[in-house]
Structures are given as C-alpha cells and as structure tokens.
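See below for the structure under consideration.
The values are calculated or read from the model by the stated rules, or taken from the named source; none is laboratory data. This is a predicted model, so every value here is computed, not measured. A quick note on method: Cβ atoms are made from the backbone with ideal geometry, for glycine too, and the neighbour counts reach across all protein chains shown.
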Amino acid sequence: MGTYQKVLVAIDLTEEAPQVLNKAMEISKAHGAQLLLVHVVEPVGYAYGGDIPMDLTELQDQLDKAAHEQLTAYGDQYGVSKEHQVVSVGRPESEIHRLAKEHQVDLVIVGSHGRKGFQLLLGSTANGVLHGTECDVLAVRIH
Ligand code: AMP
C-alpha cells in the first residue's frame with residue numbers, strides 16, 4: 001500500500017463528527033497527508049420540495065453561517081487551517097464526489113452507521129460516496 005497524500009474528510013456536524021475526524025487525523029498524520037475538512041449544507045428547499053411558498057433565503061443564510069462557524073471551530077480544534085476547510089452547498093454525495101475530483105484527493109473518509117435490513121434500502125451518504133468516487137473510500141464505523 002502506498003501512502004496517501006491528500007485526504008478529504010466529510011463531516012455532518014452532528015455529535016458523531018469527532019469519531020470520523022479523530023480517525024481522519026490519525027490516518028493523515030500516519031501518512032503525512034494533507035487533510036481537507038468538508039461539510040455540505042443541504043439547501044432547505046430540498047426538505048420542503050418547493051411546495052411551501054415561502055422565502056427561505058434568510059433561513060438558508062443562517063444555516064450557511066452556522067455551518068461555517070462550526071467547521072471553523074473543528075478546524076481550530078483539530079489544527080486544520082482555513083484554506084483546508086470547505087463549506088459547500090448541495091447534496092452531500094455529489095458535492096463530495098465533486099470536491100474529491102477538484103482537489104485531487106486520494107482518500108475520502110466518511111462515517112457509516114452499519115445499517116441493517118430495511119434501513120439498508122434507504123441508503124446512506126457513505127454508500128452514495130462509495131459509488132461514484134474514483135479514489136479510495138474509508139467508511140468509519142460510528143458507535
Ligand atoms: P449518513 O449516512 O447520512 O448518516 O452520514 C454518514 C456520514 O456521511 C457522516 O458521518 C459524514 O461523514 C457524511 N455526511 C453526511 N452528511 C454530510 C454533510 N451534509 N456534509 C458532509 N458530510 C456528510
């Protein structure tokens with residue numbers, strides 16, 4: 001196995017994020033790789049399907065701002081510099097695919113809940129990331 005040079009870690013900003021981040025730090029340190037910290041903000045319109053005639057711009061701005069603040073806090077805590085923190089808007093899977101390509105990373109790290117049975121049918125971000133990413137993907141089991 002060669003060494004990884006550029007690692008992308010995607011975090012969802014829930015209380016599970018540190019589990020994924022800790023593993024990503026460990027691996028990027030061991031490989032001497034550069035770590036790119038990514039969070040994707042989902043457009044609020046997705047959740048409401050556009051059938052509520054409401055201006056969601058302000059809500060979206062607030063979510064974007066909160067996401068930037070939280071990512072900055074993690075960046076400070078884990079020693080990831082500002083230029084290696086990315087907040088992007090869209091669907092997590094497709095944004096992660098796009099960013100992995102754009103930044104030419106050789107490893108993508110995501111969290112995985114180890115779904116079973118019916119839940120498997122619903123799919124997961126980890127699944128979506130695996131199918132469509134050209135580089136290696138590591139799914140960190142969340143406990
Ligand atoms: P899920 O399958 O949606 O529960 O998410 C599992 C993992 O996917 C998380 O631990 C993150 O690594 C990644 N992920 C989910 N949502 C996002 C998001 N909005 N931005 C970045 N990564 C995400």
Report summary line: LEU37 meets each of (1) modelled with pLDDT of 95 or more; (2) within 12 Å of the ligand (Cβ to nearest atom); (3) of a type in the set (A, V, I, L, M); (4) over 24 Å from CYS135 (Cβ atoms) with one exception, condition (4)
Query raised in the report: If you take the residues in segment 120-137 that are closer than 20 Å to GLU16 by Cα and more than 10 Å from the ligand (Cβ to nearest atom), which one is modelled with the highest pLDDT?
Result: VAL137
**Report entry** Residue, modelled with the lowest pLDDT, within segment 1-30, restricted to residues that are more than 15 Å from the ligand (Cβ to nearest atom) and loosely packed, with under 14 Cβ neighbours inside 10 Å
**Finding:** MET1
Report summary line: VAL105 passes all but one of the listed conditions (1) more than 22 Å from ARG141 (Cβ to Cβ); (2) at pLDDT 95 or above; (3) part of a loop (DSSP other than H, G, I, E, B); the exception is number (1)
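With respect to ALA33, determine if the residue is surrounded by 22 or more Cβ atoms within 10 Å (Cβ to Cβ) and not acidic (Asp, Glu).
Values: surrounded by 22 or more Cβ atoms within 10 Å (Cβ to Cβ): no; not acidic (Asp, Glu): yes.
No.
Take segment 75-96 and flag every residue that is in a helix (DSSP H, G or I) and either buried (at least 19 other Cβ atoms within 10 Å of the Cβ) or more than 12 Å from the ligand (Cβ to nearest atom) (or both). Break it down stepwise before answering.
Filtering segment 75-96 down to residues in a helix (DSSP H, G or I) leaves 75-78, 82-84, 92-96.
Once the filter is applied, which keeps residues that are in a helix (DSSP H, G or I) and either buried (at least 19 other Cβ atoms within 10 Å of the Cβ) or more than 12 Å from the ligand (Cβ to nearest atom) (or both), segment 75-96 yields GLY75, ASP76, GLN77, TYR78, LYS82, GLU83, HIS84, PRO92, GLU93, GLU95, ILE96.
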Query raised in the report: How many of the residues making up segment 12-36 are of a type in the set (A, V, I, L, M, F, W, C) and farther than 18 Å from VAL87 by Cβ?
Result: 4
